[in-house]
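Just so it is clear, none of the values below were taken in a lab; they were calculated from the coordinates. The shown structure was predicted, so the numbers you read here are calculated from the model rather than taken from an experiment. Glycine also receives a Cβ, built like all others from the backbone with ideal geometry; neighbour counts cover every protein chain displayed.
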Amino acid sequence: MKMEDLIKAVIEGNAPVVSDLVVQGLDEGLKATDILAEGLTPGMSTVGDLFHRGEYFLPEMLFSAKAMKGGLEHLESILSTGGSDALGTIVLGTVKGDLHDIGKNIVAMLMKGAGFNVIDLGVDIPVERFVEALTEEKADILALSALLSTTMPAMESTVKAIKESGLKDKVKIVVGGAPVTPEFADQIGADGYAEDAPGAVNKVNELLELV
Ligand code: B1M
């Protein structure tokens, strides 16, 4: 399997070809993490550039997202297989107003693979739902994703609500997503920031003092 072909198929939003190439790559012994980092992700990043330049519109972005998700399904069982004893519980979600979930789903897979119990609430999650889940699950970590600059304030209000709910002593908060920066994470009072999914796992390990 050639990575260029996989990148091209993601850009073209060709779900059957993406799916076939991922399976072919795995059969040939390629690592799931390499297929993700060198094929699926660069393809999606180009889609973002094309959208930004006005060459792609919402439907093309949706086709590519669907194709990437199909490819990720083949990698999930490999990326999310971890130890049996959970190292801690993580409540994860994309903040209110934001429907992007591909990156969050990868974060969830790697966290599971690293041995954590992950409660993925999904996308467009209101503050109250996060508070409720953290309480119910007795979670150790809240992991928040945002992909839009317009939903970064929702990340801030979520962190604020966690503090006001009195949960902040029990829960560490990690934030990430393309527009989020370490400075923003500091500014809103999060405990940690990670640029990508492996970084999110490292940050959680660090915050729970597992490393
Ligand atoms: Co949207 N979109 N989108 N989109 N979309 C972006 C984000 C955008 C940058 C495109 C662009 O203009 N270049 C732009 C945002 C601009 C901005 O705010 N700065 C944008 C826009 C504008 C929009 C709409 C407003 C478009 C419109 O309607 N006019 C709309 C908003 C809808 C909404 O959310 N309310 C919209 C819609 C969509 C689709 C639904 C079509 C689709 C999402 C499908 C889905 O997720 N199910 C979509 C897509 C696919 C994209 C791009 C092309 C790709 C996102 C993606 O999946 N990347 C994106 C452009 C881009 O990112 N280059 C774009 C691949 C993924 C693996 O990376 O999600 O970055 P990413 O996740 C990474 C890291 O960010 C990090 O780790 C991940 C993996 O390593 N990470 C974390 C993520 N969460 C983390 C949490 C952590 C730590 C790390 O700790 C907890």
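For q values of 0.13, 0.16, 0.18, 0.22 Å⁻¹, compute log₁₀ I(q)/I(0) with the Debye formula on a Cα-only model of region 92-152, without solvent. Listed by q, the Debye log ratios stand at -0.31, -0.47, -0.59, -0.86.
Summed over all non-identical Cα pairs, the Kirkwood treatment of the chain gives a radius of 17.6 Å. In this Cβ point-charge picture (+1 for Lys and Arg, -1 for Asp and Glu), region 164-211 has a dipole of about 160 debye about its Cα centre. Would you work out the relative contact order for the chain, in percent, from Cα pairs under 8 angstrom that are 6 or more residues apart? Relative contact order for the chain comes out at 16 percent. Helix 152-164 axis versus longest C-alpha principal axis of the chain: approximately 30°, rounded to the nearest ten. When the charge dipole of the chain is built from unit charges on Cβ atoms (+1 for Lys and Arg, -1 for Asp and Glu) and taken about the Cα centre, the candidate among L134, L92, A37 whose Cα reaches farthest toward its positive end is L134. When the inverse distances between all different Cα atoms of region 167-209 are averaged and flipped, the Kirkwood radius reads 10.5 angstrom.
Evaluated with a Cβ-only charge set (Lys, Arg +1; Asp, Glu -1), the chain carries a dipole of roughly 320 debye about its Cα centre, given to the nearest 20. Peptide packing: for 139-151, 176-188, the average count of neighbouring Cβ atoms within 10 Å per residue gives the ranking 139-151, 176-188, highest mean first. If you fit an axis through the alpha-carbon atoms of helix 15-27 and take the longest principal axis of the Cα set of the chain, what angle between them do you get, 0 to 90°, nearest 10? So the helix axis and the longest Cα principal axis differ by about 90 degrees. Here the sum of -39500 (n - 2.57) over DSSP H runs of 4 or more residues, divided by the residues of the chain, equals -16500 deg cm²/dmol at 222 nm, to the nearest 500.
Dimensions of region 76-197 from C-alpha coordinates, computed as largest minus smallest value along each principal axis and given longest first, are 35, 28, 23 Å. Computed across region 44-132, the Kirkwood hydrodynamic radius from all distinct Cα-Cα pairs reaches 14.5 Å.
Remark: region 107-119, residue by residue, has Karplus-estimated 3J(HN,Hα) of 4, 4, 4, 5, 5, 4, x, 7, x, 9, 7, 10, 9 Hz, where x stands for each Gly or Pro and the curve is 6.51 cos²θ - 1.76 cosθ + 1.60 at θ = phi - 60°.
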